[in-house]
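Remarks on the structure that follows.
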Amino acid sequence: MKKIILTTESGADLPELLAKKHNIHVVPMHVIMNGTDYLDGQLPVEDIFNFYERTKKIPSTAATNTHEYQEFFKTIRMKFPDSVIVHVGYTSKASVSYQNALTAAEDVEDIYLLDALNVTGGLAAVVMYAAALLEEEPDIDPVRLVERVEAKVQKSRLAFLPGSLDFLRAGGRVSNMAYLGGALLKIKPCIELVDGKLMSTRKYRGKMEKVAESLFDDYLQQYNIDRQQIYFIYSIGLSETIKQRIDEIALQQGFKNSLWIEAGAMISTHSGPSGFGIAGLEV
């Protein structure tokens, strides 16, 4: 059997240690700040937050382009000539990255692409599910692997709370009127992936310490998440006290493994500092 190589985008926020451990290849997306195009992963997130503080503007983001995918796949094929590539992509409903990957793969043999319909920890959960299947069945047929992973795509659940409305307003995702009302009432919108699209599904009021627990409670009531693994996403600035409390709740709720994932530059550009999210797979 040919060796299966997993690939994904930087928008999965997959920790480098996990990528190396499971031989998962990650192609960078882009962050454009002050006229300079940075590869996601090369721009410190703190620089984005400092840029906003100075200018009250946020950078723009861009997908991995077709040429970059062509070079990415070519490099993998040269390094692993007798291999099959399985690419788990960032939701096609929020980026053209997946479409660009499809175009780049047209002339590539032994490659399979699937749309994870998710981002950040939700995408990472699908990628790690694929990695776990490969560990359990190293000789699994790639078609069977893709079928099993695609079956889990519809069960990947992500809920995320931005730390504030500032970055959403700067990016044009909320109006000034909605921003003023939300800021006065200390409202935090819950962002979820619905059929691959980012949508505001609920609103919470109060400080993040209280709101994070409320989100976790609602998330567990809404979804029957596999207790084997859960992922928590945070953007720089989230209180360590909140992290500790969420870990305590995870243990109380019977989760055997939990992992904190730091939002990278691409995701943080939209979420801002001190954000909190949860991702997992339903059983």
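Figures for the structure shown
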quantity	calculated
Positive-end residue of 80, 254, 41, charge dipole of the chain with Cβ unit charges	254
18 Å tail of the calculated P(r), region 1-47, as % of Cα pairs	39 percent
Cα-based shape type of region 237-279, given that a ≥ b ≥ c are square roots of the gyration tensor eigenvalues and the cut on a/c is 1.5	prolate
Highest to lowest packing among 41-50, 3-12, 232-241, scored as the average C-beta count within 10 Å	3-12, 232-241, 41-50
Charge-dipole axis of region 186-283 as Lys and Arg at +1 and Asp and Glu at -1 on Cβ define it, positive-most pick from 204, 242, 279	204
Relative contact order computed over region 156-281 (Cα-Cα under 8 Å; 6+ residues apart), in percent	38 percent
23 Å tail of the calculated P(r), the chain, as % of Cα pairs	53 percent
Whole-Å semi-axes of the ellipsoid equivalent to region 32-152 (Cα gyration tensor, √5λ, descending)	31, 17, 13
For region 156-281, radius of gyration divided by Kirkwood radius, i.e. Rg to Rh on alpha-carbons	0.95
Assigned charges on the beta-carbon of Lys, Arg, Asp, Glu; the chain dipole about Cα centre (debye)	1080 debye
Residue (of 225, 187, 97) at the positive-pole extreme of the chain, dipole from beta-carbon charges	187
Estimated [θ] at 222 nm from DSSP helical runs (n ≥ 4, -39500 (n - 2.57)) normalised by residues in the chain, nearest 500	-12500 deg cm²/dmol
Length gained when the stretch residue 53-residue 107 is fully extended (0.36 nm per residue, less Cα-Cα span)	14.9 nm
Cα pair distances in region 184-228, grouped into 5 Å bins until the bin that holds the longest one, percent each	5, 19, 24, 25, 17, 8, 2, 0
Most to least packed among 259-265, 54-60 [average Cβ atoms within 10 Å]	259-265, 54-60
R0 of 45 Å, Cβ-Cβ distance residue 82-residue 32: FRET efficiency to nearest 0.05	0.75
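Here, each number is a calculation from the coordinates, and none is a lab measurement. This one's a predicted model, so the numbers in the text were calculated from it and none came from an experiment. For neighbour counting, all protein chains shown are included, and Cβ atoms are generated from backbone atoms with ideal geometry for every residue, glycine included.
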